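What follows is a single structure, written as structure tokens, with notes after it.
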Amino acid sequence: MTEPQFTQQQREQPEPEEGSRQVPALVLTIIAALFIWAVYYLYADYSPMPAFLGDKRVAEDFAVPAVADGGQLYTANCVACHQAGGNGLPGVFPPLSGSEWVDAPDPGVLIQIILHGVQGPLTVGGAEYNGLMPHFHDKFSDQELAAIVNHIRTSFGNSAPKTDAAYVAQVREASKDQTTPWKGDEDLRPLLQP
């Protein structure tokens, strides 16, 4: 190699080289000891578990029930607005607890509300609510709608009579021409009259 001739060359450091540094023997010994211990542990503690000690469920236990669960459907579709206790949100979403629309002698009133929704001022328990409830006519079968109606009419302190899927189908057929949401009290108040 030649001697650097210029000052700039004299300031330069030699090119770096990648060294080969071995893994310390202590680290390798610890890894090997842990591996041997793990193999021994698995061997020493192995005990084949008889099938009768395990999970006793069978495939039928995981079958989806044929009957709709109104509580689950309410939780999935209604609880965001009407809340888990059916109390709604004051001034925003009406309560289902003690509502004249829920406790009406004819469950068809509540069925109509769920089927077609409500838009506009609606009075519940003396308080006026002016919002929009979506329609569910194309989302629920008659059996599912009956389950939700029964859940609402028998929960949250309500004790109104139940209905069935046949009555829901009858109400659905009778109101099939209703294509827009009910206009609050204006449309629904007459339904409460016997």
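Derivation of every value follows stated rules applied to the coordinates shown; laboratory data play no part. What you see is a predicted model, and the numbers here were worked out from it, not measured in a lab. Counting neighbours? That spans all protein chains shown, and the Cβs are built from the backbone with ideal geometry, glycine included.
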Along the charge dipole of the chain, Cβ charges K/R +1 and D/E -1, which of 107, 178, 122 sits furthest on the positive end?
107
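Where both partners of a DSSP beta bridge lie in the range 70-192, what percent of those bridges are antiparallel, to the nearest 5?
Bridges in the range 70-192 that DSSP calls antiparallel: roughly 90 percent.
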Find the relative contact order for the chain and round it to a whole percent, using C-alpha pairs within less than 8 Å whose residues are 6+ positions apart.
20
Taking only Cα atoms, what is the 0 to 90° angle, nearest 10, from helix 25-44's long axis to the longest principal axis of the chain?
50
Relative contact order, percent, the range 82-142 [alpha-carbon distance under 8 Å, six or more residues apart]
27
Take the alpha carbon gyration tensor of the range 155-194, find the square roots of its eigenvalues, order them as a ≥ b ≥ c, and report rounded if a/c is under 1.5; if not, report prolate when a/b exceeds b/c, else oblate.
oblate
If you look for lysine pairs in the chain that are eight or more places apart or on different chains, how many of them have Cα atoms under 25 Å apart?
4
Helix 142-154: angle to the longest alpha-carbon principal axis of the chain, degrees 0 to 90, nearest 10?
80
Karplus-derived 3J(HN,Hα) from phi for the range 181-189 (6.51 cos²θ - 1.76 cosθ + 1.60, θ = phi - 60°), whole Hz, x at Gly and Pro, runs x, 4, 8, x, 4, 4, 8, 8, 4
